[in-house]
Amino acid sequence: MSAAPEDAWAATGDRIDGLLFAPDPALEQAQRAAAAAGLPDHAVSANEGMLLQVLARGGGSRAILEIGTLAGYSTIWLVRALPPGGRLLSLELNPDYAELARWNLAAAGLTEGVEVRAGDALDSLDALLAAGSEPFDFVFLDADKGRNPEYLERVLELTRPGALIVADNVVRAGAVFDPEIEDPVLEPSDHEALRRFFALLASDPRVEATAIQTVGRKGHDGFAIALRV
Ligand code: DHB
Ligand code: MG
């Protein structure tokens, strides 16, 4: 009898991680610290972290914006994409999570040009807009999914043509598109917001977008990947 697809996804993800990634003390320490502090297990996987890094570095990103830091696991992958003189700003609602992320980044030796800003991300984005912030050229959107449409509206104003915008968790095992499918974490209102997010990506002339489904130890989910044109 063949294994359940979820088992095959998890086992294959682990094999891919094992083949591609050497043990990484900074990332492992960040994961341990997050678990010890009782944070939800919502960080990206290693192969997703590397996808972010490859996209950011391949696109020559010098200024990265992350919305939703958690303990800084994806932040570490993204900071490592930056060239000398690059900068990263990560926005986190929970001040304790923000402090833990700062600690994890410092332990990883990644502080130069890196800021974790605590507070409501919409307020931080509006403050960046009001201050005439230099445009970002890579954005990772991974905070409260119910506000993705509002985040996108600001992000489109804060990015230059050529920038990449990547959003995590846009599939949720299909629950985003089918109310019969259970989502243990997100609410139907979040799914509705994610459908509006897709509609905005499809209709806004400032962006060309696709979405890819992901499977692995974290189940079935997906990334939206958009180019600011
Ligand atoms: C979950 C995963 C995420 O990547 C996230 O940002 C939020 C929730 C989850 O597994 O439920
Ligand atoms: Mg996520």
May I ask for the net charge around Lys218, where only other residues with Cβ less than 9 Å from the Cβ of Lys218 are counted and Lys, Arg are +1 while Asp, Glu are -1? -2
Could you list the residues of the stretch 122-166 with an amide nitrogen less than 17 Å from a label point located 7 Å from the Cα of Ala199 in the Cα-to-C-beta direction? 146-153
Rounded to whole Å and ordered largest first, report the semi-axes of the equivalent ellipsoid of the chain derived from its Cα gyration tensor (root of 5λ). 25, 23, 17
Between beta-carbons, use under 11 Å as the cut-off and find the net charge around Asn47, counting Lys and Arg +1, Asp and Glu -1. 0
Using the crude model of +1 on Lys and Arg Cβ and -1 on Asp and Glu Cβ, and no other charge, please compute the dipole size for the stretch 1-130 relative to its Cα centre, in debye to 20. 520
Please quote Rg/Rh for the stretch 98-222 to two decimal places, taking the Kirkwood radius as Rh and restricting both calculations to Cα atoms. 0.99
Two pseudo-spin positions, 7 Å from Cα along C-beta at Glu99 and at Ala4, lie apart in nanometres by 3.9
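Every number here is computed from the coordinates shown, using simple stated rules; none is lab data. Because the structure is predicted, anything quoted here is derived from the model rather than measured. FYI the Cβ positions are ideal-geometry reconstructions off the backbone, even for glycines, and counts take in every protein chain you see.
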